[in-house]
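Just so it is clear, none of the values below were taken in a lab; they were calculated from the coordinates. Since the model is a prediction, treat every value here as computed from it, not as a measurement. Please note: Cβ atoms are built from the backbone with ideal geometry, for glycine as well, and neighbour counts cover all protein chains shown.
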Amino acid sequence: MKQIIAYIKPLKLSETTLALHKIEGLTGMTVIECKGYGRGVKALAGGLVDYVPHVKLEIACTDDKVEEIISTIQHTAHTGLRGDGKIYVLSIETAVRISSAERGDAAI
């Protein structure tokens, strides 16, 4: 099992979500509005930082879905401009569905 974390531009959320819905076996995702900065951080007067709004997507999936999900996010979230975002993939040790006590792949 893997967890995919992607930071994308807010204007690409709907398009990316619709594309992800087409992936068979994708059970869901979490969307979190956030702010951050990358290599192009601009310091403002008084030492403040100019944060850029992004959307964080969190998706738990089986190993066989990882490349399809990454490819879909990369394709649909791409604008060609700097700051399109990042995608990270982490291993999940276990998952437990609270309502049924299912574990592992069955829980996601």
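Amide H contacts of Glu102 (H built 1.01 Å from N, in plane; Pro and chain starts excluded): Arg97 sit under 5 Å, all sequence-distant by 5 or more or on other chains. Scanning residues 5 or more positions from Gly36 or on other chains, those with amide H under 5 Å from its amide H are Val52, His54, with H placed 1.01 Å from N in the peptide plane.
Could you please rank Cys61, Cys34, placing first whichever residue has the fewest other Cβ atoms within 10 Å of its Cβ?
On the way: Cys61 23, Cys34 12.
So the ranking, lowest neighbour count to highest, is Cys34, Cys61.
Here the dipole of the chain is about 520 debye; that uses its Cα centre as origin and unit charges on the Cβ of Lys and Arg (positive) and Asp and Glu (negative).
Backbone phi angles across region 67-80, fed through the Karplus curve with coefficients 6.51, -1.76 and 1.60 (θ = phi - 60°), yield HN-Hα couplings of 5, 5, 5, 4, 4, 5, 5, 4, 5, 7, 8, 6, 10, x Hz in residue order; Gly and Pro are listed as x. Alpha-carbon geometry of the chain: the Rg and the Dmax are 16.0, 54 Å, given in that order. What the phi angles of region 55-62 give under the Karplus curve with 6.51, -1.76 and 1.60, with θ = phi - 60°, is a coupling list of 10, 9, 9, 10, 10, 9, 8, 6 Hz, glycine and proline written as x. How about Lys35: which lysines have a C-alpha closer than 16 Å to its C-alpha, ignoring those fewer than 8 places off in the same chain? Answer for Lys35, where 16 Å is the Cα cut-off: Lys9, Lys12, Lys56, Lys86, listed by chain and number. If you take every residue apart from Arg97 with its C-beta less than 15 Å away from the C-beta of Arg97, what net charge results, scoring Lys and Arg +1 and Asp and Glu -1? Local charge sum for Arg97: -1.
Here the Karplus curve 6.51 cos²θ - 1.76 cosθ + 1.60, taken at θ = phi - 60°, turns the phi angles of region 13-19 into couplings of 5, 4, 4, 5, 4, 4, 5 Hz, with x standing for Gly and Pro.
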